[in-house]
1. Inspect segment A:43-58 for any residue being among the charged types (D, E, K, R) and in a strand (DSSP E or B) and give the result as yes or no.
2. Name the residues in segment B:71-86 that are loosely packed, with under 15 Cβ neighbours inside 10 Å and closer than 21 Å to residue B:3 by Cβ, would you?
3. Against the condition assigned to a strand (DSSP E or B), β-branched (Val, Ile, Thr) and either within 22 Å of residue B:4 (Cβ to Cβ) or in contact (Cβ under 8 Å) with a residue 60 or more places away in the chain (or both), how does residue A:29 come out, does it pass?
4. Please identify the pairs in which a residue from segment B:43-68 that is free of Cβ contacts under 8 Å to residues at least 12 places away in the same chain has its Cβ atom under 6 Å from the Cβ atom of a residue that is assigned to a loop (DSSP other than H, G, I, E, B) and not hydroxyl-bearing (Ser, Thr, Tyr), counting only partners at least 6 apart or on another chain.
5. Determine which single condition residue A:47 fails, assuming it passes every other condition in (1) within 13 Å of chain B (Cβ to nearest Cβ); (2) within 21 Å of residue A:96 (Cα to Cα); (3) at pLDDT 95 or above.
6. Give the residues of segment A:14-26 that are at pLDDT 95 or above and either within 14 Å of chain B (Cβ to nearest Cβ) or in a strand (DSSP E or B) (or both), sorted by residue number.
7. Would you check which residues across segment B:9-68 are within 13 Å of another protein chain (Cβ to nearest Cβ), within 19 Å of residue B:90 (Cα to Cα), in a loop (DSSP other than H, G, I, E, B) and charged (D, E, K, R) and list them?
Amino acid sequence: GIQVEQSPPDLILQEGANSTLRCNFSDSVNNLQWFHQNPWGQLINLFYIPSGTKQNGRLSATTVATERYSLLYISSSQTTDSGVYFCAGLDRGSNYKLTFGKGTLLTVNP
Amino acid sequence: GAVVSQHPSRVICKSGTSVKIECRSLDFQATTMFWYRQFPKQSLMLMATSNEGSKATYEQGVEKDKFLINHASLTLSTLTVTSAHPEDSSFYICSARAPGTSVNETQYFGPGTRLLVL
């Protein structure tokens, strides 16, 4: 089955700092997505990124499919960035099921 | 676009009762919906895949007779937790895939339902 591993499990930052979250995934992953789960539990789509680099404001993501990893960059972090960041791998062969990593709990302190 | 709603947002019930959770895609038709369960400080675990007009496909270890799924229309899927017990207390999240869009492989998630069984 699909394997998705995230690091670090926890990250504490001061407001304004930059951070990099990593996601390693197995060969059977076709595509990669990044989500942010806010403190109320809502999952928010950040990036659908099977390969290459995408940017959205202070967030950007890069997936190197040939090396089976993806990175999520958060620049100039704000307290509202706090929450859990998940990456998830898509298995097209299994009716588009997503397998989630264990997440990175980000805490941004004022 | 691609908004998914869930109802109720939270529910408290007595042990032995059944609870129904609704998942709706508000502005698109979802041929496939997914149901996840998330325990505190853990990741999302897929319970089942729900296809409109057909039986749901359950993940290994998920009891289909306990977690009844009905995907009666292209915009509605329901999860019924039958004879709920305290160990069923969890955060239940649905998602829907939006085929035919530019990013048709992504899933859009509902806000979740917190179930507490006393």
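The values are calculated or read from the model by the stated rules, or taken from the named source; none is laboratory data. As the structure is a computational prediction, the values presented were derived from the model and not from experiment. All Cβ positions, glycine included, derive from the backbone under ideal geometry; neighbour counts span all protein chains shown.
1. Going through segment A:43-58, the residues among the charged types (D, E, K, R) turn out to be A:54, A:58.
Now drop any that are not in a strand (DSSP E or B), which leaves A:54.
Scanning segment A:43-58, I find at least one residue that is among the charged types (D, E, K, R) and in a strand (DSSP E or B), so the answer is yes.
2. B:72, B:73
3. no
4. Correct list of pairs: B:43/A:102; B:43/A:103; B:58/B:64.
5. Just one mismatch for residue A:47, condition (3).
6. Initially, segment A:14-26 is screened for residues at pLDDT 95 or above, giving A:14-24.
Across segment A:14-26, the qualifying residues are A:14, A:19, A:20, A:21, A:22, A:23, A:24.
7. The answer is B:41, B:59.
Per-residue answers, yes or no, for (1) in contact (Cβ under 8 Å) with a residue 24 or more places away in the chain; (2) aromatic (Phe, Trp, Tyr):
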position	(1), (2)
A:23	yes, no
A:34	yes, yes
A:57	no, no
A:61	yes, no
A:64	no, no
A:91	yes, no
